[in-house]
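The values are calculated or read from the model by the stated rules, or taken from the named source; none is laboratory data. Predicted, not measured: the structure shown is a model, and the values here were computed from it. All Cβ positions, glycine included, derive from the backbone under ideal geometry; neighbour counts span all protein chains shown. All accessible areas refer to the heavy atoms of the entire protein, side chains included, with ligands and DNA or RNA removed. Shrake-Rupley method; radii C 1.70, N 1.55, O 1.52, S 1.80 Å.
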Amino acid sequence: MLVFAVAGFPVYWMLNTAFKPAKDAIDPDPHFFPRVFTLENFDRAFQVADFWGPVGRSLIVSLVVVVIGIVVGMLAALAISRFAFRGRKVVIVGILAVQMVPLVAMIIPVFLLLNDLGQYDKLTGLIITYLTFILPFTVWTLRGFIVNIPKELEEAAMVDGCTRTGAFLRVVFPLLAPGMVATSVYGFIQAWNEYLYALMLMSQQNQTATVWLGNFTTKHGTEYAPMMAGATLMAVPIVVLFLLVQRKMAAGLTAGAVKG
């Protein structure tokens, strides 16, 4: 309950601030429950700057990153988990090493590389950048799910006449689906919420949803209530995605599949 309260309170305060009058958001004596509910902050959020453009760009980038990441990551995880080849341990260590590098340390090299490739201030460049830190996690996570699926299931399917590909599609893939869904949700959240690279690699005209929130901070101060309203709007796609796939985000479907 303590962990839930600590993790959930910022979300509650965001919603609380989004639905209270702007003057109450900066009240030095805050109230845990809004005394007056208003939708003016949401109207103001739409007026500050273009909303649908950044949201559309964020959706495109996040969905493309998830699709490419899950396809490439699944194939790479399958190869690492099921096949023995020279340099296999080096690949595994390399995947772990990439995840240990702070993202902020790669901003300048990534900027220079994308600029040389003509991908600066382009969605394709941002997609490539996001894949560099989402794909290693995808490979490592899916590898864990594949390793937990007994090889005996594939061997039994192959004995019954399936090819290796058929055994994977008919046996392993359905059992891997929950892991793929969980990994996809994580990848989507990472790409959707990323701020630093989107700020550095995209111009004001091509900004994403997270950078769009910066429009509420001006030389006259920060409009906290409209900013929280904008953050609430940004959280809607994540909540909807979770509600759609929550049934698939279960683990242990292979428990008891093989005895001994």
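Both radii come from the Cα set of the stretch 1-77: Rg as radius of gyration, Rh as Kirkwood radius; their ratio Rg/Rh reads 1.18. Size of the stretch 187-227: Rg and Dmax of its alpha carbons, in Å, are 11.4, 36.
Accessible surface for the stretch 156-222, divided over its residues, is 49 Å² per residue with a 1.4 Å probe.
Taking every alpha-carbon pair under 8 Å whose residues sit at least 6 apart, the chain reaches a relative contact order of 33 percent. Our note on the geometry: Cα centres of the stretch 136-151 and the stretch 203-235, 38 Å apart. Taken one residue at a time, the phi angles of the stretch 60-70 give Karplus couplings (6.51, -1.76, 1.60, θ = phi - 60°) of 4, 4, 5, 5, 5, 4, 5, 5, 5, x, 6 Hz. Gly and Pro are set to x. For the chain, the tally of Lys pairs with Cα-Cα distances below 27 Å comes to 6, considering only residues 8 or more apart or on different chains. Each Cα pair under 8 Å and six or more residues apart adds its sequence gap; the mean of these over the residue count of the stretch 69-206 is a relative contact order of 37 percent. In this label model, E155 and Y186 are separated by 2.9 nm, measuring between points 7 Å along each Cα→Cβ vector.
A full extension of the chain between R35 and I92 corresponds to an added length of 15.0 nm, given 0.36 nm per residue minus the alpha carbon distance. Dividing the alpha-carbon radius of gyration of the stretch 139-243 by the rule-of-thumb value 2.2 N^0.38 Å gives 1.68.
When its C-alpha radius of gyration is set against 2.2 N^0.38 Å (N residues), the chain gives a value of 1.23. Sorting 231-239, 85-93 by average packing, meaning the other beta carbons within 10 Å per residue, from highest down gives 231-239, 85-93.
Computed from phi, the 3J(HN,Hα) profile of the stretch 182-189 under the Karplus parametrisation 6.51, -1.76, 1.60 (θ = phi - 60°) reads 4, 5, 5, 4, 4, x, 5, 5 Hz, with x in place of Gly and Pro. What the phi angles of the stretch 148-162 give under the Karplus curve with 6.51, -1.76 and 1.60, with θ = phi - 60°, is a coupling list of 6, 8, x, 5, 4, 5, 5, 5, 5, 5, 5, 5, 7, x, 6 Hz, glycine and proline written as x. On the basis of the beta-carbon distance and an R0 of 30 Å, D27 and L59 show a calculated FRET efficiency of 0.30. For the Cα trace of the stretch 98-198, dividing Rg by the Kirkwood Rh returns an Rg/Rh value of 1.15.
Full-extension gain between V67 and N206, please, as 0.36 nm times their residue separation minus the C-alpha to C-alpha distance.
Separation in residues times 0.36 nm, less the Cα-Cα distance, equals 47.9 nm.
Extension gain, L15 to Y195, is 62.7 nm, computed as 0.36 nm per intervening residue step minus the present C-alpha separation.
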